[in-house]
Amino acid sequence: MTALALRRDDPGTVPVPGSRRRSIGLAVALGTLLLLLVLSVMVGSTAIAPSVVWDALFHPAADIDQFAIRDYRLPRTVVGLVVGVALGVAGALNQAVTRNPLADPGILGVHAGASFAVTVAVGLFGIRDIGGYLWFAFAGALIVTLMVLALGSTRQGQSPVVMVLAGVCVGAVLRGAGSALELTNPAAFDAMRSWNAGSIVGRPVDLLWPVLPFFAVALVLAVAVSGPLDAMALGDELAAAQGVRPAVTRILAIVALTLLAGGGTAIAGPIAFVGLMVPHVARWIVGPHQRWIFAYSLLLAPILLLASDILGRVVMHPSEIPVGVVTAFVGAPVLIALVRRSKASGL
């Protein structure tokens, strides 16, 4: 019976075709994201009415609430949106490349490389401003990824299993080295506590401009490799028989996820569970179709990040919980529930 066939117990009901159902899901996700963007600007230590938000955006005046919106909440929301997109698509790419539905960008050492580079920038070069150590984090992520690519090479090409092992080993070494460096000068790293926990507080929009071109290139690469990655899910040999070049596809995908995860980590720090849980949820909704998984991850990841950030503002009011801590608390039980579903746990 086809997807358009009528149900025998209800002759008047026609099931929604798969592509239409996925499109409706995307529309719902987009509406939810727009709602969270508005709430992220309105909710905080002081609730601000929608009319004040409107005036702050289109009729600026010397008002304290408008100042909070324009200089604090709006940049925070925009950064959360961009970082969420980057981490979500990076996680989807990572899971597709490694053929591991429980992989995240940290498994290839991206987070560890960025964090170690920032530690070096702060501890050895005395760079305390995020605009200064942004490029260190980005370079660290790229260098570590190239190391993992080299270590993961075999005579048969790039091995997903060997790359995962290499990423875990390199990440462990860098985290240990970074912790040792922090212990030598604890005072120098006091300002880094928020970044290490994963936070979008106090990140100006200006930080996004240098990274946005890399994000754009990475998203184009993600779309380009989505079809070949679907073929590679059946194995490299079958993919090669269909005209796919597995090694080239894997390298392009890893370059894309490095640009996305490295840039996102550089801006907001290592935020857990976004790149792990969101592609898992997307796969549960749409099945093993990478183009749809990327599209859903692009919307669901900022939804998770912004919702977690809003929750972190109100749970311990007037204090705040960093978004990286909230995503871990929210993501862990949801992920446990998802992996218990056989449909969600396979690629």
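A few notes on this one:
- Only helices enter the 222 nm calculation for the chain: every DSSP H run of n ≥ 4 contributes -39,500 (n - 2.57), and dividing by all residues gives -23000 deg cm²/dmol, rounded to 500.
- Kirkwood Rh and Cα Rg combined as Rg over Rh, evaluated for the range 82-193: 1.02
- Each 5 Å bin from zero up to the one holding the largest Cα-Cα distance in the range 204-246 carries the following percent of pairs: 5, 22, 18, 13, 11, 10, 8, 7, 4, 1.
- Listed by number, the DSSP H helices of the chain that run 24 Å or longer by alpha-carbon position along their axis and have mean Kyte hydropathy of at least 0.5 are 18-42, 74-98, 130-151, 160-184, 212-232, 246-268, 290-315.
- Building the convex hull from the alpha-carbon atoms of the chain and averaging its projection over directions returns 21.0 nm².
- Under DSSP loop assignment and at most 11 Cβ neighbours within 10 Å, longest trypsin sites (Lys or Arg not before Pro)-free interval of the chain: 156-339
- Kirkwood Rh and Cα Rg combined as Rg/Rh, the range 63-132: 1.14
- Proxy reagent accessibility, fewest Cβ within 10 Å first, across 271, 200, 143, 24: 24, 143, 200, 271
A short reminder: the numbers here are calculations on the coordinates, not readings from a lab. Since we're looking at a predicted model, the values are computed, not measured. Positions of Cβ are generated from backbone atoms using ideal geometry, with glycine treated the same way; all protein chains shown enter the neighbour counts.
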